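Trainee: The structure that follows is given in the form of structure tokens.
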Amino acid sequence: MSYRIVHYINQFYAGIGGEEKADIVPEIREGIVGPGQAFKAALGAEAEIVATVVCGDSYFASNMGKASAEILDMMKKYKPDAVIAGPAFNAGRYGTACGALGEAVIKELGIPVVSGMYPENPGVDMYKKSFYIVETPDSAAGMRKAVPAMASLLLKLLKGEKLGTPAVEGYIERGVRKNKFYDKLAAERAVDMFTAKLKGQPFVTEYPMPVFDRVAPNPAIKNMKDAVIALVTSGGICPVGNPDHIEASSASKFGEYDITGIDDLTCDFYCTAHGGYDATYADQDADRVLPVDVLREMEREGVFKKLHNKFYTTVGNGTAVASSKRFAEEIARRLIADGVTAVILTST
Amino acid sequence: MVKEIERAGLPVVHICTIVPISLTVGANRIVPAVAIPHPLGDPSRTMAEEKEIRRHLVEKALRALQTEITEQTVFTD
């Protein structure tokens, strides 16, 4: 008898459509859809994908609790022994959906679940403690690498086999500590590591320190009437024609655009460069992403002193954390030099 | 980006649709928005109604910027 698997994928991998279909509600289909084919090969005779759930990324991200519950109900009917979610690579909403669903499967169904994501996918930090997420490359080009790793980890979990360390098994560290006996005393191992470090040789720490990169909130604006407000967005709003060629995904740059004298971002002059959401509504009226019209009104009413005459934009779609950090450091430097006192940052 | 702007010393408010992601990346002042393709609008309404929704969200964002906080805070109504 082979194990029964239910697979979760998004609308894109199901071949239903891209962003214009990201709102579709969950549905379940018998058998294999899309990347399930590759899993079938990797799982062999030991396990079979009996059904596939498909759900739109935006639907899931906008209704996380409800979507998880709906999908679990659909899955239960197929009596799964385990669940595969994704892989989601570096797709943020898809990764978040796979993560939320994986956590729900563990909690509600109590069966093994495996997903696959690129380490910078926001779903990793949110859900790596809850279940096993295999480390994958950042795009679907890494499917051939991701699938066998996910399949082999899932089979081990199903058979109750003992797992090795995250580095050996290929999953992202979950922060679980296990006791282990060494031949050498801790003091000796520490001295070995220390001497290796002094000699510039590689060594592996036994207890990596967690990284908490948090920034304390800045003090509030005391007097709004004196404030100079700037707009920044990861939603890709730019002049029509995208003059700086900001990439639709994995952006390598940001844009700076002058809005002196502009009261409203109309469709004749502004659009979005973003390739990670349905651009229809932003292209019709970019104020839906970057609220220039309303801020101009409030500026005139004297709610605050001034709307800064430049806005900054990039595309937050699969864009590397390191790039975003670099963009924002430069943007902040320019804003401060121009006398801006507070920032509204919008994200889609 | 929100975190780096904050780190540079500017108070910043994040108007965003997927609040859990904003919390994960470390935004401090967060205002939940309408929907992913139109965070500050709603195409199912009239333009005037949409603008009202947008104004309401921006007012909330300005309120957030004027509120002293010590930890990550989601500003709902």
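Trainee: Keeping to region A:237-252, report how many residues are within 16 Å of residue A:321 (Cα to Cα) and within 13 Å of chain B (Cβ to nearest Cβ).
Mentor: So the count comes out to 1.
Trainee: Now for a separate question. Going residue by residue through region B:37-56, is there one that turns out to be under 15 Å from residue A:344 (Cβ atoms), touching a strand residue (DSSP E or B) at 6+ places or on another chain (Cβ under 6 Å) and more than 7 Å from chain A (Cβ to nearest Cβ)?
Mentor: Checked against the condition, which is being under 15 Å from residue A:344 (Cβ atoms), touching a strand residue (DSSP E or B) at 6+ places or on another chain (Cβ under 6 Å) and more than 7 Å from chain A (Cβ to nearest Cβ), region B:37-56 yields no hits at all.
Trainee: Out of all the residues in region A:124-141, which are part of a strand (DSSP E or B), in contact with a strand residue (DSSP E or B) (Cβ under 6 Å, 6 or more places away or on another chain) and open to solvent by 40 Å² or more (accessible area, probe 1.4 Å)?
Mentor: The initial filter retains those residues of region A:124-141 that are part of a strand (DSSP E or B), namely A:132-135.
Still in the running and in contact with a strand residue (DSSP E or B) (Cβ under 6 Å, 6 or more places away or on another chain): A:132-134.
Scanning region A:124-141 gives a single hit, A:132.
Residues are listed down the side, and each one gets a yes or a no for (1) more than 12 Å from every other protein chain (Cβ to nearest Cβ); (2) over 23 Å from residue A:38 (Cα atoms); (3) touching a residue at least 12 places away in the same chain (Cβ under 8 Å):
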position	(1), (2), (3)
A:73	yes, yes, no
A:88	yes, no, yes
A:103	no, yes, yes
A:106	yes, yes, yes
A:115	yes, no, yes
A:126	no, yes, yes
A:134	yes, no, yes
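Trainee: Looking at region A:222-241 only, could you name the residues that are crowded, with 17+ Cβ neighbours inside 10 Å and over 19 Å from residue A:296 (Cβ atoms)?
Mentor: A:234, A:236, listed by residue number.
Trainee: A follow-up question, please. Looking at region B:8-19, which of the residues that are at pLDDT 95 or above and more than 19 Å from residue A:294 (Cα to Cα) is surrounded by the fewest Cβ atoms within 10 Å (Cβ to Cβ)? Quick ask: steps written out before the conclusion?
Mentor: Applying the first criterion (at pLDDT 95 or above) to region B:8-19 yields B:8-16.
Checking the rest, the ones that are also more than 19 Å from residue A:294 (Cα to Cα) come to B:8-11.
On the way: B:8: 19, B:9: 12, B:10: 19, B:11: 22.
In this case the residue turns out to be B:9.
Trainee: Let me ask something else about it. Just checking, does region A:251-265 include any residue being at pLDDT below 95 and either in contact with a Gly (Cβ under 7 Å, 6 or more places away or on another chain) or surrounded by 21 or more Cβ atoms within 10 Å (Cβ to Cβ) (or both)?
Mentor: Within region A:251-265, one or more residues are at pLDDT below 95 and either in contact with a Gly (Cβ under 7 Å, 6 or more places away or on another chain) or surrounded by 21 or more Cβ atoms within 10 Å (Cβ to Cβ) (or both).
Trainee: Considering each residue of region A:73-95, count those that are more than 19 Å from residue A:123 (Cα to Cα) and assigned to a helix (DSSP H, G or I), and give that number.
Mentor: 4
Trainee: Can you find even one residue in region A:70-81 that is under 15 Å from residue A:26 (Cα atoms), surrounded by 24 or more Cβ atoms within 10 Å (Cβ to Cβ) and β-branched (Val, Ile, Thr)?
Mentor: For region A:70-81, residues under 15 Å from residue A:26 (Cα atoms), surrounded by 24 or more Cβ atoms within 10 Å (Cβ to Cβ) and β-branched (Val, Ile, Thr): present.
Yes/no per residue for (1) open to solvent by 40 Å² or more (accessible area, probe 1.4 Å); (2) over 12 Å from the mean Cα position of the chain (by Cα); (3) acidic (Asp, Glu):
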| residue | (1), (2), (3) |
| --- | --- |
| B:6 | no, yes, yes |
| B:21 | no, yes, no |
| B:39 | no, no, no |
| B:50 | no, yes, yes |
| B:63 | yes, no, no |
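Trainee: While we're on this one: Can you report the number of residues in region A:142-181 which are assigned to a helix (DSSP H, G or I) and more than 20 Å from residue A:123 (Cα to Cα)? Walk me through how you get there before you give the answer.
Mentor: First, the residues of region A:142-181 that are assigned to a helix (DSSP H, G or I): A:142-158, A:166-169.
If we keep only those that are more than 20 Å from residue A:123 (Cα to Cα) as well, we get A:144, A:148, A:152, A:155-158, A:168.
Looking only at that region, the number is 8.
Trainee: May I pose another question? Enumerate the pairs (first residue in region B:65-77 and at the interface with chain A (Cβ under 7 Å from one of its Cβ atoms); second residue anywhere and surrounded by 14 or more Cβ atoms within 10 Å (Cβ to Cβ) and small (Gly, Ala, Ser)) with beta-carbon separation below 6 Å, excluding pairs fewer than 6 apart on the same chain, so at least 6 apart or on different chains.
Mentor: Note: pairs meeting the criteria are B:65/A:342; B:66/A:220; B:67/A:220; B:68/A:220.
Trainee: Pick out, from region A:262-348, the strands (runs of 3 or more DSSP E) lying fully within it that include 2 or more residues that are within 10 Å of chain B (Cβ to nearest Cβ). Let's see the steps before the verdict.
Mentor: Details: elements: A:270-272, A:310-313, A:342-347.
Passing ranges, in order: A:342-347.
Here is a yes/no grid of residues against (1) touching a residue at least 40 places away in the same chain (Cβ under 8 Å); (2) aliphatic (A, V, I, L, M); (3) under 20 Å from residue B:37 (Cβ atoms); (4) touching a strand residue (DSSP E or B) at 6+ places or on another chain (Cβ under 9 Å):
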position	(1), (2), (3), (4)
A:251	yes, yes, yes, yes
A:265	no, yes, yes, yes
A:276	yes, no, yes, yes
A:289	yes, yes, yes, yes
A:308	yes, no, no, yes
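Trainee: Additional query: Among the candidates B:30, B:15, which residue alone is more than 9 Å from every other protein chain (Cβ to nearest Cβ) and assigned to a strand (DSSP E or B)? So that I can check it myself, show each step before the final result.
Mentor: Working: B:15 fails: more than 9 Å from every other protein chain (Cβ to nearest Cβ).
Every option except B:30 fails the conditions.
Trainee: Among the residues of region B:33-49, count how many are of a type in the set (D, E, K, R) and either in contact with an Asp or Glu (Cβ under 7 Å, 6 or more places away or on another chain) or part of a helix (DSSP H, G or I) (or both). Give the derivation first.
Mentor: First, the residues of region B:33-49 that are of a type in the set (D, E, K, R): B:42, B:45, B:49.
Still in the running and either in contact with an Asp or Glu (Cβ under 7 Å, 6 or more places away or on another chain) or part of a helix (DSSP H, G or I) (or both): B:42, B:49.
Residues meeting the conditions: 2.
Trainee: So, one more: In contact with an Asp or Glu (Cβ under 8 Å, 6 or more places away or on another chain) and within 7 Å of another protein chain (Cβ to nearest Cβ): is that true of residue B:60 in this structure? Break it down stepwise before answering.
Mentor: Details: in contact with an Asp or Glu (Cβ under 8 Å, 6 or more places away or on another chain): yes; within 7 Å of another protein chain (Cβ to nearest Cβ): no.
It is false that residue B:60 is in contact with an Asp or Glu (Cβ under 8 Å, 6 or more places away or on another chain) and within 7 Å of another protein chain (Cβ to nearest Cβ).
Trainee: Being in contact with a strand residue (DSSP E or B) (Cβ under 8 Å, 6 or more places away or on another chain), surrounded by fewer than 18 Cβ atoms within 10 Å (Cβ to Cβ) and assigned by TED's automatic domain parsing to the domain that holds residue A:113 narrows it down to one residue among A:34, A:15, A:65, A:44; which is it?
Mentor: Details: A:15 fails: in contact with a strand residue (DSSP E or B) (Cβ under 8 Å, 6 or more places away or on another chain); A:65 fails: in contact with a strand residue (DSSP E or B) (Cβ under 8 Å, 6 or more places away or on another chain); A:44 fails: in contact with a strand residue (DSSP E or B) (Cβ under 8 Å, 6 or more places away or on another chain).
None of the other options fit; the residue is A:34.
Trainee: Any idea which residue in region A:202-221 is nearest to the other protein chains (Cβ to nearest Cβ), counting only those that are more than 30 Å from residue B:57 (Cα to Cα) and surrounded by 10 or more Cβ atoms within 10 Å (Cβ to Cβ)?
Mentor: A:206
The values are calculated or read from the model by the stated rules, or taken from the named source; none is laboratory data. Keep in mind the model is a prediction, meaning the values are calculated, not measured. Virtual Cβ from ideal backbone geometry, glycine too; neighbours counted across all protein chains shown. What goes into the accessible areas is simple: the full protein's heavy atoms, side chains included, and nothing from ligands, DNA or RNA. Shrake-Rupley method; radii C 1.70, N 1.55, O 1.52, S 1.80 Å.
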